[in-house]
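> Questions regarding the structure given below will be posed in turn.
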Amino acid sequence: MKRLKMTSLSIRFPWIILLVVTAVTLFFGAQFPKVSFDNDPENMLAEDEHIRVFHNEVKARYNLYDFVIVGIVNEEHEDGIFNVETLGRIDALTRELISLHRNADGQPEVIRNGEPYAPALESDSAWERGLAGVFGNDVNRLFTEDGSSAIIAPEIISPSVVDNIKQADRGQLAIEYLMEVPPTTRAEALSIKRDAMNNPLYKDTLVSADGKAIALYIPIQEKTYSYNVANLIEKLTAGWDNADQVYITGQPVAQDTFGVEMLVQMATSAPMAGLAIFLLLLFFFRRISLIIAPMIVAVVSVVATMGLLIGLGYDVHIMSSMIAIFLMPIAVADSVHILSEFFDTYHKFHNKADTIRHVIGHLFMPMLYTSLTTIAGFASLGTTPIPPVQVFGLHVAFGVALAWLLTMTFVPAYIMLFVRSKSLEAVCHVQDQDSCDVSPSRLNRTLHGLGRFSFLRWKLILSATLLLLVVSVIGISRITVNDNPVKWFTRNHRIRVADRVMNDHFGGTYTAYLTLKPAQVLAATCDERIETMKADAEARFAEALPKAYAEFESILSTAEFKQDEERCFVDLVQKAEALDRKTSGVWNDLADEIIYLDPEGLTKEKLVEAIRKAGDKASVNHLIQYLSDQGELAGAELQNAALNFCDRFLELSFTDFLYEARATANAPAFKRPEILAYVEHLQDYMKTVPGIGKSSSAVDSLKKANYELNYMAEASAEQNQQFNSIPPNPSAAAQVFIQLEGMKKKDSLFHLVTKDYNEVNIWIQLKSGDNTDMVAVVDDIENWMSENPAPVQLETGWAGLTYLNVVWQDKMVAGMMNALLSSFVVVLIMMMVLFRSPLFGLLAMLPLTVTITFIYGLIGWVGKDYDMPVAVLSSLTLGLSVDFAIHFLQRSRELTGKAGNWKDAVGQMFEEPAMAISRNAIIISIGFTPLLFAPLVPYKTVGFFLATIMAVSWLATLFILAALISGLQKWLFKNKETTDSY
């Protein structure tokens, strides 16, 4: 038979097969030193993916960096974090991080108390140091290739190096940091607290509202430095007082820490799972020499697959780190089928070669098709739009193919070389006496009972299955698609603890950016500008200066900007100046007359008598009317009221109006009050959006600076608070922005607005990194913006790591669904071809359908998020569920053909065939329980669902499939020709 050519070659030349397998293993194993790791979920998207390109453009445009967040919390001191000792430690830590450099020995070094200090960064654990050495994880890697620090010192956000937006003199901001020097007294510390709390940019971002915590934001050159920077900070703060608790978090830290701990899992969980499988194989087959073969098949498959991935230059990602875990059960499955049947049939042949030929000839087609279906399932992942998932799927498909090839060649060669006939004869001798069963008698009795129950109660089983499917479908409707890198850790992990503490104290440690810019350049036509000026002039001058306004309106109506804009503007200014002189002259004369009056004994009658000769009749009457409306005034109070009234008219300048109008016409979008006000209103709405802890924008800086520039100590709080607002015109806004541009920390403003002021960036802090929360925030904000349009059409753009996670997960879900559906159809066609029967093909898909429906229904009912590991498990389900069904249906056809009917065959089906399936299910289910003890949630997820998938697939095959065959037997077994289908 053609199918036995490979096996016959293995039987004849076992040493050659062994040498080839050894050479292949050594070749792929030699690729491991080249390994590199990628823990960045950003790489779930292709480099040219639009959102990823835009995200990087936003980072470059606003000079944004990924950062490590360091929280210092003091719950014990009455002043919280704002005590002399704690602020001194924070300042010292900031200075140390800024001073990070490489010393003469090439090691990281900081300046502590004026002296060089090189902290010991390596772990105290020899095991962790060994793993770090094997996987190339150098904790001293804190510098770029050119020797620069991984920490971007000028961009650190800390009280010691952030601007204190505070008045120096009226109309001028102080050029100083929030904490120029560490405080030496309680009063100085509380002064720093007041300044920080009064700055909207710092409250709930840099300092907590309760004063118990401070957050330092440490920007890094690349996310891959985050674990090492966090480790450095832990070492530098190791000797701090226990009252000052240090927490380190942030998405880059979570991702990089996961990568480091992922290596530990690769080095521990997979071997532990392998050991568990080995012990279970030993329990079932009782011969170490016999069970070593499937373990070697699994190890060689994993080594070759990982070696291929590394050799091709791919990074080991969170997905590819699980290749070993996915491959081991698949690689062992076929070997267990062969061993099980070899173990049970050797006594019929008493010859290893003949037994192998019989077993392989008998199982070749089922094992080929089970492997092909599994390959199809994982290869379908290559069609997803997620590059790491593509790499994972295609390499697992390669590993499955290799495992099948090794099962067909290496296992027979191994049996011929290392399994002694004498030991097999001893086993068979006992078996001949019906006293040696290769499986526990309890399992044997259980399987016989299952067979009888499936045959006699097939209607009950199918009814229960239908009910289970209905319940599962309801559960599927409850599934939430969600992910959060921080939740990859267990609840008590230091990353999760830090995340909870920091989000309790601050506006949020998860970041998203909303960028706004005009959809088109804001350039009004000449006619539009003239009409705008007329409307603005009417609002400003018509009531106060009706005659002058009428003349000015006439001047504007005859202006010809189209001919020569500059010349026309100069002409308008000349006419406006003449008009100002005419209108202001009257009020100047009145003011001069009033100011020289003696306030002592001044009455309204004396003031009226004095001014009647100073101004024109209309202006004098206007002033007299005003003073009459003010009630009883006299003396200096009367004089000041009259002067203030004159000043109101003196401030009405047509010349100033023209310059302001020109500035407004040429002003960029985010110097225009109406657009800045829209951003302000948007941020006000954000305060009401669940999930958003805080938002910051250039408007916050503008309002704070405007308040400080105009603050008057002698004025009331209400009067000063009026200046905590957006300046009234573009010129005034520009003046405030100029002050901000000149602060001590240069360019900090331009993290929030572009230098041309045509685009703005709103920094949104989220309390949660869950994708569902990010989606809800985006929907809420975009709905509000659609219902409340801006004064001009604005283009919006979303960026930030939290938003990127949403995009790649959406793509993953759609991609996984398409991959599953396509592979399902392919496998269905393969089953129909294999069994040469549409009905048998559909039956073969039943355990898969039930298992997938139940697993995803269970996920929905227990509230488990549908994340990346869960999504990929569907491919494993496809392979393993169909594996059991193929073996069960093939043997059913064969045994029914021999027995003549299903009733007589069902008892035999639940002996060796059911035993082989059960061994596989038990070995793989229990074999991967060590993963449940992993500190990383994705590994726990895989361990739990692998066991559940195997258990459900096993039950679906032995219960449901057997019950269906009982119900459909007259259509399934019409004649005995099906006996020899293989």
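> Could you tell me whether GLU660 is modelled with pLDDT of 80 or more, among the charged types (D, E, K, R) and either within 21 Å of SER731 (Cβ to Cβ) or outside the structural domain of PRO727 (by TED's automatic domain parsing) (or both)?
For GLU660, the condition - modelled with pLDDT of 80 or more, among the charged types (D, E, K, R) and either within 21 Å of SER731 (Cβ to Cβ) or outside the structural domain of PRO727 (by TED's automatic domain parsing) (or both) - is not met.
> So which residues in segment 69-113 are more than 24 Å from ARG500 (Cα to Cα), out of contact with any strand residue (DSSP E or B) (no Cβ under 6 Å at 6 or more places or on another chain) and of a type in the set (A, V, I, L, M), if there are any at all?
Within segment 69-113, VAL84, ALA92, ILE98, ALA104, ILE111 meet the criteria.
> Evaluate the following for SER371: is it of a type in the set (Gly, Ala, Ser), under 40 Å from the mean Cα position of the chain (by Cα), closer than 25 Å to PRO329 by Cβ and at pLDDT 85 or above?
Criteria met by SER371.
> Report every pair of residues separated by at least 6 positions or lying on different chains whose Cβ atoms are under 8 Å apart, first residue within segment 722-733 and part of a loop (DSSP other than H, G, I, E, B), second at pLDDT below 90 and of a type in the set (D, E, K, R).
Filtered contacts from segment 722-733: ASN729/GLU660.
> Out of ILE356, ILE323, I need the residue that is under 42 Å from the mean Cα position of the chain (by Cα) and touching a residue at least 12 places away in the same chain (Cβ under 8 Å). Which one? Explain how you work it out, then say what you get.
Details: ILE356 fails: under 42 Å from the mean Cα position of the chain (by Cα).
Result of the check over ILE356, ILE323: ILE323.
> Considering only residues of segment 533-564 that are surrounded by 14 or more Cβ atoms within 10 Å (Cβ to Cβ) and in contact with a Cys (Cβ under 9 Å, 6 or more places away or on another chain), which is modelled with the lowest pLDDT?
PHE561
> Hey, another quick one. Kindly indicate whether any position in segment 599-608 is of a type in the set (Lys, Arg) and either modelled with pLDDT of 80 or more or farther than 24 Å from ASN666 by Cα (or both).
Scanning segment 599-608, I find at least one residue that is of a type in the set (Lys, Arg) and either modelled with pLDDT of 80 or more or farther than 24 Å from ASN666 by Cα (or both), so the answer is yes.
> Here is a list: ALA576, ALA642. Which entry is small (Gly, Ala, Ser) and in contact with a Leu (Cβ under 6 Å, 6 or more places away or on another chain)?
After ruling out the rest, the residue left standing is ALA576.
> So, one more: So which residues in segment 376-414 are farther than 12 Å from THR7 by Cβ, crowded, with 22+ Cβ neighbours inside 10 Å and among the β-branched types (Val, Ile, Thr), if there are any at all?
THR384, ILE386, VAL389, VAL396, VAL400, listed by residue number.
Every residue, every condition in (1) surrounded by fewer than 22 Cβ atoms within 10 Å (Cβ to Cβ); (2) basic (Lys, Arg); (3) assigned by TED's automatic domain parsing to the domain that holds TYR346; (4) touching a strand residue (DSSP E or B) at 6+ places or on another chain (Cβ under 8 Å), yes or no:
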| residue | (1), (2), (3), (4) |
| --- | --- |
| ALA267 | yes, no, no, no |
| PRO271 | yes, no, no, no |
| ILE291 | no, no, yes, no |
| VAL316 | no, no, yes, yes |
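> Could I ask something else about it? Of the residues ARG186, ARG194, which is without any contact (Cβ under 8 Å) to a residue 24 or more places away in the chain, in the same structural domain as ILE248 (by TED's automatic domain parsing), surrounded by fewer than 19 Cβ atoms within 10 Å (Cβ to Cβ) and basic (Lys, Arg)?
Criteria check complete, one pass: ARG194.
> How many of the residues in segment 895-906 are farther than 24 Å from THR849 by Cβ and either assigned to a helix (DSSP H, G or I) or β-branched (Val, Ile, Thr) (or both)? Please lay out each step first, then the result.
Taking segment 895-906 first, the residues farther than 24 Å from THR849 by Cβ are 895, 897-901, 903-905.
Now restrict to residues that are either assigned to a helix (DSSP H, G or I) or β-branched (Val, Ile, Thr) (or both): 895, 897-899, 903-905.
The number of residues fulfilling the criteria is 7.
> Under 7 Å between Cβ atoms, at least 6 apart or on separate chains: pull out the pairs that start in segment 887-898 with a residue that is small (Gly, Ala, Ser) and end on any residue that is assigned to a helix (DSSP H, G or I).
SER892/ALA905; SER892/MET909; SER892/ILE965; GLY897/LYS976; GLY897/THR978; GLY897/THR979
> Further question: One residue is enough: does segment 673-681 have a residue meeting the conditions within 24 Å of LEU556 (Cβ to Cβ) and surrounded by fewer than 18 Cβ atoms within 10 Å (Cβ to Cβ)?
yes
> Hey, can you tell me all the residues within segment 139-180 that are closer than 21 Å to GLN107 by Cβ, in a loop (DSSP other than H, G, I, E, B) and touching a residue at least 24 places away in the same chain (Cβ under 8 Å)?
Matches in segment 139-180: VAL139, ASN140, ARG141, LEU142, THR144, GLY147, SER148, ALA150, ILE152.
> Determine which member of the set THR849, THR896 is surrounded by 22 or more Cβ atoms within 10 Å (Cβ to Cβ) and either within 27 Å of MET44 (Cα to Cα) or more than 25 Å from the chain's Cα centre (by Cα) (or both).
None of the other options fit; the residue is THR896.
> For segment 350-367, name all the residues that are surrounded by fewer than 20 Cβ atoms within 10 Å (Cβ to Cβ), modelled with pLDDT of 85 or more and aliphatic (A, V, I, L, M).
ALA353
> Which of the helices (runs of 4 or more DSSP H) contained wholly in segment 635-716 include at least 2 residues that are in contact with a His (Cβ under 9 Å, 6 or more places away or on another chain), polar (S, T, N, Q) and without any contact (Cβ under 8 Å) to a residue 12 or more places away in the chain?
Result: empty, no element qualifies.
> Considering segment 787-803 alone, what residues qualify as being part of a helix (DSSP H, G or I) and at pLDDT below 95?
LEU801, THR802, TYR803
> Looking only at segment 206-248, which residues are crowded, with 19+ Cβ neighbours inside 10 Å and either in contact with a Cys (Cβ under 8 Å, 6 or more places away or on another chain) or among the acidic types (Asp, Glu) (or both)?
The answer is ASP244, and nothing else.
> Looking at segment 192-200, can you tell me whether even one residue there is in a loop (DSSP other than H, G, I, E, B), at pLDDT 95 or above and either of a type outside the set (Val, Ile, Thr) or over 19 Å from GLU741 (Cα atoms) (or both)?
no
> Wholly within segment 1-120, which helices (runs of 4 or more DSSP H) include no fewer than the required count, namely at least 3 residues that are buried (at least 16 other Cβ atoms within 10 Å of the Cβ) and β-branched (Val, Ile, Thr)? Working first, answer last.
On the way: elements: 5-12, 14-29, 50-61, 84-98.
Here the list reads 14-29, 84-98.
> Further question: Quick one: count up the residues across segment 751-810 that are over 12 Å from GLY691 (Cα atoms) and basic (Lys, Arg).
The number of residues fulfilling the criteria is 1.
> With in contact with a helix residue (DSSP H, G or I) (Cβ under 9 Å, 6 or more places away or on another chain), outside the structural domain of VAL906 (by TED's automatic domain parsing), in a helix (DSSP H, G or I) and at pLDDT 90 or above as the only criterion, which of ALA379, ALA397 stands out?
Values: ALA379 fails: at pLDDT 90 or above.
Selected residue: ALA397, the only one of ALA379, ALA397 that is in contact with a helix residue (DSSP H, G or I) (Cβ under 9 Å, 6 or more places away or on another chain), outside the structural domain of VAL906 (by TED's automatic domain parsing), in a helix (DSSP H, G or I) and at pLDDT 90 or above.
> Restricting attention to segment 474-489, does a residue exist that is hydroxyl-bearing (Ser, Thr, Tyr) and touching a Pro at 6+ places or on another chain (Cβ under 7 Å)?
Checking segment 474-489: not a single residue is hydroxyl-bearing (Ser, Thr, Tyr) and touching a Pro at 6+ places or on another chain (Cβ under 7 Å).
The values are calculated or read from the model by the stated rules, or taken from the named source; none is laboratory data. All figures in this text were calculated on a predicted structure; none of them were measured in a lab. All Cβ positions, glycine included, derive from the backbone under ideal geometry; neighbour counts span all protein chains shown.
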